[in-house]
1. If I fit a long axis through the Cα atoms of helix 58-70 and take the longest principal axis of the Cα atoms of the chain, what angle between them do I get, 0 to 90°, rounded to 10?
2. Hey, of [x] 13.1, 43; [y] 12.3, 38; [z] 14.3, 40, which did the structure itself give for Rg and Dmax of the Cα atoms in Å when calculated?
3. Can you list the HN-Hα couplings for the stretch 28-42, worked out from phi with the Karplus curve (6.51, -1.76, 1.60; θ = phi - 60°), rounded to whole Hz and with x for Gly and Pro?
4. Taking amide hydrogens as modeled 1.01 Å from N in the peptide plane, which residues meet the under 5 Å criterion relative to Cys74, leaving out close sequence neighbours?
5. Which of the peptides 14-27, 59-72 is most tightly packed, and how do the rest follow, judged by the mean count of other Cβ atoms within 10 Å per residue?
6. Going by amide H atoms built from the backbone, whose H comes under 5 Å of the H on Leu79, apart from near neighbours?
7. Per the helix-only calculation at 222 nm, which mean residue ellipticity applies to the chain, given -39500 (n - 2.57) for every DSSP H run of n ≥ 4 and division by its residues, nearest 500 deg cm²/dmol?
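FYI, it's all coordinate maths here, none of it is from the lab. Here the structure is a predicted model, which means the values were calculated and not measured. Glycine gets a Cβ as well: all are built from the backbone with ideal geometry, and neighbour counts include every protein chain shown.
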Amino acid sequence: MLEFEEINRRTALGLISRAVGKNLHIGENEKEELDSSFGRTLANWNIYLFDGFGSFDSDVIYNRIEYPASGLDCRAIILDHQVQ
């Protein structure tokens, strides 16, 4: 998953929140609840997050797509590219 407008922490919390049905990415949460939710979701998923916050050369982006597809045998690559 490559998102260019969001840091990995926010992406991970959003994915976990969706899976557990609670908005963990909004406001303050107890560490125990975050650890438990992470352990039941993202920790068990075969997912790679690209730290894409900022500007990157197109060759870097291409390589970040090619490596998971060929080297890690990823079946789906999500690219969130919002151009401003």
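1. The two axes meet at around 70 degrees.
2. For Rg and Dmax of the Cα atoms in Å, the calculated option is [z].
3. For the stretch 28-42, the Karplus curve yields 8, 9, 5, 4, 4, 5, 5, 4, 5, 5, 4, x, 8, 10, 3 Hz.
4. Here Ala69 satisfy the definition.
5. Details: 14-27: 14.1, 59-72: 12.1.
Going by the mean number of other Cβ atoms within 10 Å, highest first, we get 14-27, 59-72.
6. Residues meeting the criterion, in which the H sits 1.01 Å from N, are Leu2.
7. On the way: 3 runs with 36 residues, N = 84.
Computed mean residue ellipticity for the chain: -13500 deg cm²/dmol.
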